[in-house]
Amino acid sequence: MQFINNLLLDTGLDPRLVEYLSVVIKILLIGLFCFIANLISKKIVIRIITRIVTNSKVKWGQIVLDRKVFRKLSHFVPALIIYSFSSTFPTHQSSIEKFAIAYTIIVGLVFIQSLLNAFNDIYQTFEISKVKPVKGYVQVVSIVIMTLGFISVISTLIGKSPLILLSGIGALSAVLMLVFKDSLLGLVAGIQLTANDMVRVGDWIEMPKYGADGDVIDISLNTVMVQNFDKTITMIPSYALISDSFINWRGMQKSGGRRIKRSLYIDTSSITFCTEEMMEKFVQVHYLSDYIIQKEMEIAEYNAKNAFDRNNPVNGRALTNIGVFRDYINNYLKNHPKINQNMTLMVRQLGHSEYGLPLEIYAFTNDVQWAAYESVQSDIFDHLFAVAQEFGLRVFQNPSGADLRNMVEETSNQAWIGQRSY
């Protein structure tokens, strides 16, 4: 660099002007060296590394490239050049070295951050990441490294030991705990969620308090991201999954069966004893023939043994249309190809209400997919609604406007006929 001073002095310029010009030229030359070195490292070295990684066919190599880990390393070159030429400016050498070291630390922090993100992306390519996510831990490590790096940059610039700053931070620990409250709560919650296997990426969870009903797509230090079935995104604080209750449907999905728990409301005025004509009709039904024959023999034997007078239907035992219908539903479900026969299956009566007698179907489909489940459930109840009248039963329904209008018209017609007769 002394060569530049001598060259300018040989031109006959004022020594004071030469001093300023030499400084400007030195800065421009150092800047040009940094630009060329950075350009070479990015355009040549990084391209060579990229080609090597791409040709190696390592499945996580592309992830490292996408995170631009190697590109971050190229920023070390200008910092090293500036540090090497700091002696060119003796008066400001110390300050230049400090800024160069601080810049090197910052570049190192950016590189480590990219490396941690790449590690998390690589880890997520393995199946275990859905069971044991590490994103929260990676974020904690990142926070610790960034904090230490920030302290190192400050201590370098002021020329003091990092221990002095650390001792000051110790006094501010209460403030730091307040600032990083959510992160600390999230860390503890993340450890508990992972240790207890409470939630995984891909789980269907339901948390009405936060309006969440969908699949978990990400678990981070502070939040759990849920994509609802309407494609909206809900962010739930990690610690909320520990402090509040939520439903995880993973057990249902793994069991191979999804529950149907739904009732038919039977109009009680349509419930009656079975007549001979009804029995002859029921015995021809495929799912009822064995049941009817067995029950008729059992009831006839019981009534004969106890000498009941069957001229009065109240005496002794007799089949009812609701009982036969209940057994028909049970046999129908047992022979349904979409019902899981290894899980609970029953048809039961619930407490009578103003809506009639609830006849509840409790069974499990053998397909847990939502669309398939709804299709099976709809097919079953389509059939039951249609077949109920074959048993002399009516499904209860509150009167609609059309029903009321028909009643009024019928009453009016009867009144008109009565007047004509009179």
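The values are calculated or read from the model by the stated rules, or taken from the named source; none is laboratory data. The shown structure was predicted, so the numbers you read here are calculated from the model rather than taken from an experiment. Heads up, the Cβs are rebuilt from the backbone with ideal geometry, glycines too, and the neighbour counts pull from every protein chain shown. Surface areas here come from the heavy atoms of the whole protein model, side chains and all, with no ligands, DNA or RNA. Shrake-Rupley method; radii C 1.70, N 1.55, O 1.52, S 1.80 Å.
May I have the convex hull volume per residue, in Å³, for the Cα set of the range 217-311?
Measuring per residue, one finds 266 Å³ for the Cα hull of the range 217-311.
If contacts are Cα pairs under 8 angstrom and at least 6 residues apart, what is the relative contact order of the range 256-393 in percent?
Over the range 256-393, the number comes to 39 percent.
Which whole-percent values make up P(r) of the range 72-167 when all C-alpha to C-alpha distances are grouped in 5 Å steps starting at zero?
Final binned percentages: 2, 13, 17, 16, 15, 12, 9, 6, 4, 2, 1, 0.
With every protein chain kept in the model, how would you rank Lys72, Lys132 by accessible area, 1.4 Å probe, largest at the top?
Putting Lys72, Lys132 in descending order of accessible area: Lys132, Lys72.
What figure in square angstrom, to the nearest 10, would you give for the accessible area of Phe273 with a 1.4 Å probe?
90
Take the cross-link list Lys43/Lys72; Lys261/Lys338; Lys281/Lys305; Lys59/Lys130 and give me the ones stretching past 22 Å between alpha-carbons.
Check vs 22 Å cut-off fails for Lys281/Lys305.
Which chymotrypsin sites (Phe, Trp or Tyr not before Pro) in the range 117-149 sit in a loop by DSSP (not H, G, I, E or B) and have at most 15 other Cβ atoms within 10 Å of their own Cβ?
In loop regions of the range 117-149 (DSSP not H, G, I, E or B), the sparsely surrounded chymotrypsin sites (Phe, Trp or Tyr not before Pro) are Phe126.
Compute, for Arg258, the solvent-accessible surface of its heavy atoms (probe 1.4 Å) with the complete set of protein chains present, and express it in square angstrom to the nearest 10.
20
Express the C-alpha Rg of the range 52-122 as a ratio against the empirical globular expectation 2.2 N^0.38 Å, rounded to two decimals.
1.45
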